[in-house]
């Protein structure tokens with residue numbers, strides 16, 4: 001009886017890896033998700049992508065560069081930014097790929113980036129707010145904002161505000177905000193927006209990603225009829241440095257690539273929202289795997305979106321009517 005049981009366990013231990021091996025191509029295809037099938041060219045178009053020196057942002061920049069766009073890599077680390085620009089130039093043959101300094105954790109840096117960009121570039125057709133931080137230890141930006149809210153939401157809020165007139169002048173133009181499935185469990189804690197009373201890295205991240213969705217919704221409402229669209233995206237579970245503060249997920253992403261997207265796969269929905277012809281007039285939506293996706297109830301609350309807009313303007317010291 002014991003021998004039979006051991007035999008069954010041995011057979012099972014051999015069968016499971018075999019089944020996973022056989023199913024691997026199908027699992028990989030499912031995890032990879034949607035692919036942007038648009039072949040549109042972007043010659044003469046100008047794009048800005050934040051956090052474009054690594055991961056999803058870098059792959060997004062590479063795709064737009066292949067299409068002929070002039071691509072500005074807005075990066076905090078200029079050594080990595082310059083290296084990424086050179087790599088993309090070499091791989092695509094497009095020499096119009098440029099790295100520029102942008103630290104989203106410092107409003108002074110954001111304003112300097114925008115000022116320099118507006119002096120150098122007469123047009124802007126695509127703005128992809130891609131950079132982000134995830135579940136980091138509690139810290140504050142140069143302006144005293146909780147780091148995840150400050151970088152993921154407020155930094156991009158200010159950058160978009162500063163570049164919006166150029167986008168309007170270049171219409172049709174598009175804004176893409178990289179959010180996350182994490183918005184589904186997010187809550188805007190107006191009573192403790194900066195997590196000063198209590199801090200939970202995961203909840204703060206979810207709050208910032210919900211803020212991306214609400215910002216997209218309110219901005220789309222305000223931009224109706226002027227030729228500038230804005231949509232939010234969930235890139236999927238992607239193996240990037242974003243998870244570096246999360247030991248277990250980071251290990252899983254590195255050791256089990258079968259179950260996570262590559263950065264190139266994760267970039268597809270951002271690219272789709274930036275170039276797809278069928279989205280020319282679509283605005284205020286949320287996409288995943290290159291198709292519309294479910295938005296949490298709290299992400300569809302117009303009153304919350306308006307209140308967050310008002311609070312964001314106050315925190316940043318701007319008037320955005």
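With the convex hull constructed from alpha-carbon coordinates only, the range 42-314 shows a mean projected area of 13.4 nm² over all directions.
Would you order 197, 45, 209 from fewest to most other beta-carbon atoms within 10 Å of each residue's own beta-carbon? Could the numbers behind the result be given before it?
Working: 197 8, 45 21, 209 27.
With the sparsest Cβ surroundings first, the list reads 197, 45, 209.
Computed from label points 7 Å out along Cα-Cβ, the spacing between residue 112 and residue 280 is 4.1 nm. Ordering 156, 125 from the fewest to the most neighbouring beta carbons within 10 Å gives 125, 156. Exposure proxy shown here: for 191, 272, 294, the number of other Cβ atoms within 10 Å sets the order, fewest to most, as 191, 294, 272.
Based on the Cβ-Cβ distance from residue 319 to residue 40, what FRET efficiency comes out when R0 is 30 Å, to the nearest 0.05?
Values: r = 36 Å, r/R0 = 1.20.
Using R0 = 30 Å, I get an efficiency of 0.25.
Any read-out appearing in this document is the output of simple, stated calculations on the displayed coordinates, not a laboratory observation. Please read these numbers as outputs of a predicted model, since none were measured by experiment. All Cβ positions, even for glycine, are placed from backbone atoms using ideal geometry, and neighbour counts span all protein chains on display.
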